[in-house]
Amino acid sequence: SRVPVVVVGAGPAGLTVGNILRAAGVDCLVLETETREFIERRPRAGVIEEWAVRGLERRGLAGNLLERAGRHTACEFRFDGERYRFRYQELTGRHHWVYPQPLLVTDLVREYADVRGGRIRFGVRDVRLHDLDGDRPSVSYRCPESGEREVVACDFVAGCDGARGVTRASLAPGRARVARHDYGIGWLALLAEAPPSADCVLFGCHPDGFAGQMPRSPEVTRYYLQCPPGDDPANWPHERVWAELRRRLGAAGAAPPAEGPLIEKRVLDMHDYVTEPMVSGRLFLAGDAAHLVAPIAAKGLNLALHDAFLLGDALVAWLTGDDDSGLAGYSRACLRRVWDYQEFSQWLSELYHGTAAGDSFRAGTTLARLRRLFTSPAAAAAFAEQYLGTAARY
Ligand code: FAD
């Protein structure tokens, strides 16, 4: 069989590319290793930047989100036993949207497959890419029902299969470079069946380690606790988790976190990578397949959407109008924002983890950096701009 575009991976990046192609009447096939039920439930991100929501809206993909997502206008830092509210909307007129990633993925799959008639194969195995350097590439996979290998010829492959996918490994050796950074820090990522203790994101910068609270819904709250990289979640029984959250998020006049069953508990090692360029022949990478940004600044989903807008539009321009300028500039345009967000994550990492580095000099400079956010309007404006994401029209 033959199709203009094969999209590998049905995460936010792949499904957004697929939706943009279908809206322009371009045929495509999305290949996904998991089941539809699984991807519609996988908990992950929740913070979406305003420009990204506008980009989804412009492409007819934000209907449910605009109705149901929360609007966040402030975050709160806790350090030195005090609370410091950072009211970014008052400063900038802009806000964050909070919409759990499984809801976004559910909306995108429905729109792609059920409304726009896009084709998608779930449960595929052993995906391989072929002949990427010619103008007739193909993708093969093992069919879940028959076990037979199917081959699909195409014009382009969109590699949207996340951090553990196969497409990044298909970049021509020697032509792409992967730059890596390891923070040497772990985060215990938790989902609790409990309401948030404050209506906004909390950052606890404590000498015993960072703790964060990210409200997801009235019933479910995400928490993070800094831990050694590679730590075993079994080292974190219920009582220890809640005692550490109470301590690290504790501040004068603050309500303690509301305790509830922990429905997710896993350790994330904080590391980043960036693939440059994000293109090899007819393969275009998007999202976590191309670059991983540790969840420190909650940027990964936003970068995945940014890539997907540019890639979807560029593929449509080529396939329907013979305009190759979007594809030619794709990697460079994505990487500008990727590096910008990586730099902000590094800066923010010091703010979160510096007081717990076991180094009194770093603790001193970190506290100075924290205080400056609340004493210097210029420092506050710079933080707000990067925290909310560079505004631009996509
Ligand atoms: P993915 O969502 O990983 O999708 C890739 C898809 O490809 C998956 O469905 C996978 O099953 C499939 N796949 C894998 N291998 C293959 C294969 N060989 N063939 C076919 N399909 C394959 N980002 C934010 O912006 N804000 C946040 O608050 C935030 N919080 C996070 C919290 C956690 C705990 C984690 C883990 C991540 C968080 N992120 C956050 C990051 C965000 O979730 C990712 O950046 C985002 O999911 C990237 O989307 P994607 O489409 O590129 O990749």
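Among the residues of the stretch 78-91, how many are under 16 Å from Val47 (Cβ atoms) and either surrounded by 17 or more Cβ atoms within 10 Å (Cβ to Cβ) or over 24 Å from the mean Cα position of the chain (by Cα) (or both)?
Going through the stretch 78-91, the residues under 16 Å from Val47 (Cβ atoms) turn out to be 86, 88-89.
In the following step, the residues that additionally are either surrounded by 17 or more Cβ atoms within 10 Å (Cβ to Cβ) or over 24 Å from the mean Cα position of the chain (by Cα) (or both) were identified as 86, 88.
Adding up the residues that qualify gives 2.
If you scan the stretch 238-258, which residues turn out to be of a type outside the set (A, V, I, L, M), over 27 Å from the mean Cα position of the chain (by Cα) and part of a loop (DSSP other than H, G, I, E, B)? The answer is Gly250, Gly253, Pro256.
Total residues in the stretch 255-278 satisfying the condition of being surrounded by fewer than 24 Cβ atoms within 10 Å (Cβ to Cβ), among the hydrophobic types (A, V, I, L, M, F, W, C) and within 16 Å of the ligand (Cβ to nearest atom): the figure is 6.
In this structure, does Leu202 turn out to be among the aliphatic types (A, V, I, L, M), under 12 Å from Tyr352 (Cβ atoms), crowded, with 22+ Cβ neighbours inside 10 Å and in contact with a helix residue (DSSP H, G or I) (Cβ under 7 Å, 6 or more places away or on another chain)? The answer is no for Leu202.
Of the strands (runs of 3 or more DSSP E) contained entirely in the stretch 9-79, those carrying at least 1 residues that are without any contact (Cβ under 8 Å) to a residue 40 or more places away in the chain fall at 70-72.
Can we say Gly287 is within 13 Å of the ligand (Cβ to nearest atom), at positive phi and buried (at least 23 other Cβ atoms within 10 Å of the Cβ)? Against the criterion (within 13 Å of the ligand (Cβ to nearest atom), at positive phi and buried (at least 23 other Cβ atoms within 10 Å of the Cβ)), Gly287 qualifies.
So which strands (runs of 3 or more DSSP E) are wholly in the stretch 130-236 and hold at least 2 residues that are within 30 Å of Ala368 (Cβ to Cβ) and either in the same structural domain as Leu305 (by TED's automatic domain parsing) or at pLDDT 95 or above (or both)?
Working: elements: 138-142, 149-153, 156-159, 177-192, 201-206, 209-215, 221-227.
Strands (runs of 3 or more DSSP E) meeting the threshold: 177-192, 201-206, 209-215, 221-227.
The values are calculated or read from the model by the stated rules, or taken from the named source; none is laboratory data. Bear in mind the structure is a predicted one, so any value in this text is a computation, not a measurement. Virtual Cβ from ideal backbone geometry, glycine too; neighbours counted across all protein chains shown.
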